[in-house]
1. At a Förster radius of 30 Å, what calculated FRET efficiency corresponds to the Cβ-Cβ distance of Arg348 and Ala48, to the nearest 0.05?
2. Looking at segment 1-158, what % of the alpha carbon pairs are farther apart than 19 Å?
3. Looking at this model, which pairs from Lys21/Lys140; Lys87/Lys275; Lys157/Lys196; Lys64/Lys87; Lys275/Lys317; Lys21/Lys87 are more than 21 angstrom apart at the alpha-carbon?
4. Tell me, Glu86, Glu122 in order of fewest to most beta-carbon neighbours within 10 Å?
5. Normalised by the residues of the chain, what does the relative contact order come to in percent, with Cα pairs under 8 Å and at least six apart?
6. For the modelled label position 7 Å from the Cα of Arg199 along Cα-to-Cβ, which residues of segment 238-269 have backbone nitrogen atoms closer than 17 Å?
7. Take the eigenvalues of the Cα gyration tensor for segment 247-390, scale each by 5, and report the square roots as semi-axes in whole Å, largest first.
8. Across the chain, how large is the tail of the calculated P(r) beyond 29 Å, expressed as a percent of all Cα pairs?
Amino acid sequence: MICERAEHCISRKNIDPDALKVLYRLSKLGYTAYLVGGGVRDLLLGRAPKDFDVGTNATPNEVKRAFRNCFLIGRRFRLAHVRFGEKVIETATFRRNSQTVGEIIEHASEGPFEDNTFGTPETDANRRDFTVNGLFYDIKTFAVIDWVGGFRDLKKKIIRSIGDPMIRFREDPVRMMRAVKFAARLDFKIERGTEKAIRKLHSCILTASTPRLCEEVFRLFTYGASEAAFRMMHDFGLLGDLLPDLDKFIDDDGGRKSSLWTYLSVLDRYEKAMKERGVEVSNGLRAAVLYAPMAKANPGRAREMLGTMAKALKMPKSTYFTAVLMIDSVRRLSQSPQRARRRFVYNRDFPDALDFNRIVARAEGRDEKILDQWDEMSRQLTKEQGENHE
């Protein structure tokens, strides 16, 4: 299916100018080059894409020859990174999957299934995870090319697996978490067959590599939709596989009415406000909010509970210690600031701790006057420091 320019809302003025340079350069050299994946999806939804990726029939070495600012990465499949300062336009050669229908991939712990077989734009679209991520934008004709039904599913607000979800989720179990992430982030529904496969195969998530799982867990927070994402993770059984103690707490705490959802809802509003200011929320703060209701119910076991999460996901030590500091700061910041306690204001994590305590206070419906006092002390000490340096 080809959606001509008049049938969609994508405009070149909304495409990163450096991505356009890559597309035009490859096209001028006679190669096929499309804007692909999530960037096309977001542009069609009127959103600002985080990344602009390019798909081409040029081989990695041909892309490297076309751009002096290009670096090749990867072993199992070479990718071209065209660099513009700190920005990277990822440029991948069209590829295809070589497995036969019905074949079960049993090496998910090594990462997602890949092969080194180049393909066509159509085979490349069909090897992607979900239909809404399988759309290509042609810079020559300004048309959106759709081999997988993604344009239709965007209109219906549906996340649907490309191909048989039972096979695709066995190939790469992390796709189940990606389905949750996209559904929560875009406020879409997961198509019935895709959801049924997640419910049946959720325990396969434990065969995926732990670093990838850790990365995907924290990506559930990124777009201010963590409440919806973790509700689905709990409902589908994925949370019980990854963080069984947190999953059990939710059940004991009322399930769909658990207090955790209120905490995550407040965190989501905070994430969106920070994103508008161009500030990235720390994973330590996110982990602390996720475990805050459990820590309140079992104050003496906060470190132990966060330690369980850190061990299960092989969480970086810096993230774990930041989360512990956030939880411990509740007791400290519940008392009015005094000179004897002012040292905490100089801690590099103090701004996060103050924000964490505001999130907790709002989730629990508590007054923030004491937190305002701490904020005022911090501002005053910062001002005094500045004057002393002068």
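Read-outs throughout are calculated quantities, based only on the coordinates presented, and are distinct from any laboratory measurement. Just so it is clear, the model here is predicted, and its values are computed rather than measured. Heads up, the Cβs are rebuilt from the backbone with ideal geometry, glycines too, and the neighbour counts pull from every protein chain shown.
1. Approximately 0.50, to the nearest 0.05.
2. Across segment 1-158, Cα pairs with separations above 19 Å total 54 percent.
3. Pairs exceeding 21 Å: Lys275/Lys317.
4. Least to most surrounded, the residues fall as Glu86, Glu122.
5. 10
6. 238-241, 256
7. 28, 16, 16
8. Percentage above 29 Å: 51.
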